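Here is the structure we will look at, set down as structure tokens.
The values are calculated or read from the model by the stated rules, or taken from the named source; none is laboratory data. Everything quoted here is computed from the prediction, not taken from an experiment. Every residue, glycine as well, gets a Cβ built from its backbone with ideal geometry; the counts of neighbours run over all protein chains shown. Accessible surface areas use protein heavy atoms only, side chains included; no ligands, DNA or RNA. Shrake-Rupley method; radii C 1.70, N 1.55, O 1.52, S 1.80 Å.
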Amino acid sequence: MGAQKSIHAGKAKIDVNVDFTHKLCASLMLPTLRSSGSPFSLVIGSLCIKHPNLFGGSEKLDVSWDKGLYDSNVLVAYRRPRPEWLAQQSFVLQHSLSPEIGIHGIPVNNFSRSGSGGIILSRLSVGMDLKEPASSKWSSTTSIKFEHVRPLNDDGRAISRDYDGFPLTSSGNPHDSMVVLKQESQFAKANDNSFFHFNLQIEQGVPVLSKWIIFNRFKFVASKGIKLGPAFLLTRLTGGSIVGDMAPYQAFSIGGLGSVRGYGEGAVGSGRSCLVANSELTLPLNKMLEGAIFLDCGTDLRSGHLVPGNPALRQGKPGSGVGMGYGLRFKSQFGHFQVDYAVNAFQQRTLYFGLSNLPS
């Protein structure tokens, strides 16, 4: 359920897209994080305003707002035109609120679900992105941003320690500040029968001030898809590690949809390092419906105790896990709908629902 509106202002055009969708299956996916009597809390939606010619020189302004059941994100991006052979420059301001379930969430029902740990992360970032001219297969983006992170409780008050008295920030204060230099590179290759995609992200905390976080964090995702007659086999390997100063919220969380199915979000473990492997075989049942079987596994590489406060050990997370199951993929002009039924190593069954809107 949504609406679109285009507003013309002189030669400029402002596109407004509003989409509000009731999350019917939310209670099946996540336990209640916090109670709210407002019907608006059960609605997810997005608003996007684009101005393609802000000052008459093809400057672009994008403003977007996304609201989930328990999170929100506001993004403002300003782009100046540059020659195609130069890096495209964007100035970005972003603020997000999201429950911190992956690290401090409490596993329940034999790790098949994750309850709230009573912690919400407020992130404010401002900086610049430089997108290099893409070659035939490679593309890269470099960014430098100032980030301000504040842990909050369910009442919206700043906190510096969790329920057990362990620090939530690297500095020990109610907030962390850092300047982050990030390099992201992507490689993509595809033909009629297969594709390969590789993504590498490297982040470096720059010590502008002595109290700011200094760290190096990298993450990679390698995906390979092969057509096997009418079926399609997709495999994916994800890994990463972080060295230097670290706050618990920077750890890698393992478990959940998009990681190891059969477990709640972060219920497998959280560590300074991680390795997750996914494989999925899909077979078309008709033009709009596909059946799938999958196998997921993940591990924190025995690095959970290296996270400050060791939240994984305190919550009894196993540190490694395997999940398998089957599902359905439904494709339509309104979006892609996914249903997965998974079993974890503790023989606990979990049903996942997923909905993604197609780009307009």
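One table, with the values for the structure above:
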| item | result |
| --- | --- |
| Coil-residue chymotrypsin sites (Phe, Trp or Tyr not before Pro) of segment 133-190, DSSP, other Cβ within 10 Å capped at 16 | TYR163 |
| Percentage, to the nearest whole number, of Cα pairs in segment 179-334 over 24 Å apart | 45 |
| Sequence-distant aspartates and glutamates (8 or more away, or on other chains) whose Cα lies within less than 12 Å of LYS145 | ASP129, GLU203 |
| Surface share of carbon and sulfur [accessible, 1.4 angstrom probe, percent] for segment 204-360 | 64 |
| Average accessible surface area per residue within segment 225-325, 1.4 Å rolling probe, Å² | 41 |
| Volume in Å³ per residue [convex hull over Cα atoms, computed for segment 123-231] | 159 |
| Portion, in percent, of the accessible area of segment 37-183 that falls on carbon or sulfur, probe 1.4 Å | 58 |
| Distance histogram for segment 123-163 (every C-alpha pair counted, 10 angstrom bins, percent rounded to whole numbers) | 22, 28, 21, 17, 10, 0 |
| In segment 210-319, the trypsin sites (Lys or Arg not before Pro) that fall in loop regions by DSSP, at most 16 other Cβ within 10 Å | LYS211, LYS287, ARG302 |
| Share of pairwise Cα separations in segment 75-132, more than 14 Å, in percent | 66 |
| Compactness of segment 282-326 - radius of gyration and Dmax, Cα, Å | 17.2, 50 |
| Counted charge near PRO174, where neighbours are those whose Cβ lies closer than 12 Å (Asp, Glu -1; Lys, Arg +1) | +2 |
| Separation of alpha-carbon centers, segment 210-262 and segment 136-206, rounded to whole Å | 12 |
| Over the chain: helical MRE at 222 nm, DSSP H runs n ≥ 4 each giving -39500 (n - 2.57), nearest 500 | -500 deg cm²/dmol |
| Average accessible area per residue (Å²) across segment 34-179 - probe 1.4 Å, nucleic acids and ligands excluded | 54 |
| Volume of the Cα convex hull of the chain, divided per residue and given in Å³ | 159 |
